[in-house]
Amino acid sequence: MSQEKIDRYKQEKANRKKNMKKQRVMGLARKGVLTLAGLALIGWLGYSAYGKFAANQDREITTVNYEAVNSYLLDLTE
């Protein structure tokens, strides 16, 4: 039993650098994914808030003068 522990420890010690590098890469990947998710959430919230703000603004009403079109159509029919 103790020989198995010693062999396991030696194997772990031999692969320690590789395992540490793997853990570091996985940690960075996890942080990157969480950062992207956070930015997406903040962007979505900002877009939604702007949409609600823009919907509450008064819209300028414009009128179109069709006198020129009507006179042209009347000239065509005559």
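Relative to the longest principal axis of the Cα atoms of the chain, the long axis of helix 2-14 makes an angle of roughly 50 degrees. Loop-located chymotrypsin sites (Phe, Trp or Tyr not before Pro) in the chain (DSSP state not H, G, I, E or B) with no more than 15 neighbouring Cβ atoms inside 10 Å: Tyr66.
Obtain the radius of gyration and the Kirkwood radius of the chain from its C-alpha atoms and give Rg over Rh.
Numbers: Rg = 35.0 Å, Rh = 20.1 Å.
Rounded to two decimals, Rg/Rh equals 1.74.
Cross-link partners among lysines for Lys21, C-alpha distance below 28 Å, same-chain residues fewer than 8 apart left out? Within the straight-line cut-off, Lys21 pairs with Lys5, Lys10, Lys13, Lys31.
Relative to the longest principal axis of the Cα atoms of the chain, the long axis of helix 67-77 lies at roughly 60 degrees.
None of the figures in this text is laboratory data; all of them are computed from the coordinates on show. Just so it is clear, the structure is predicted and the values come from calculations on it, not from any experiment. Heads up, the Cβs are rebuilt from the backbone with ideal geometry, glycines too, and the neighbour counts pull from every protein chain shown.
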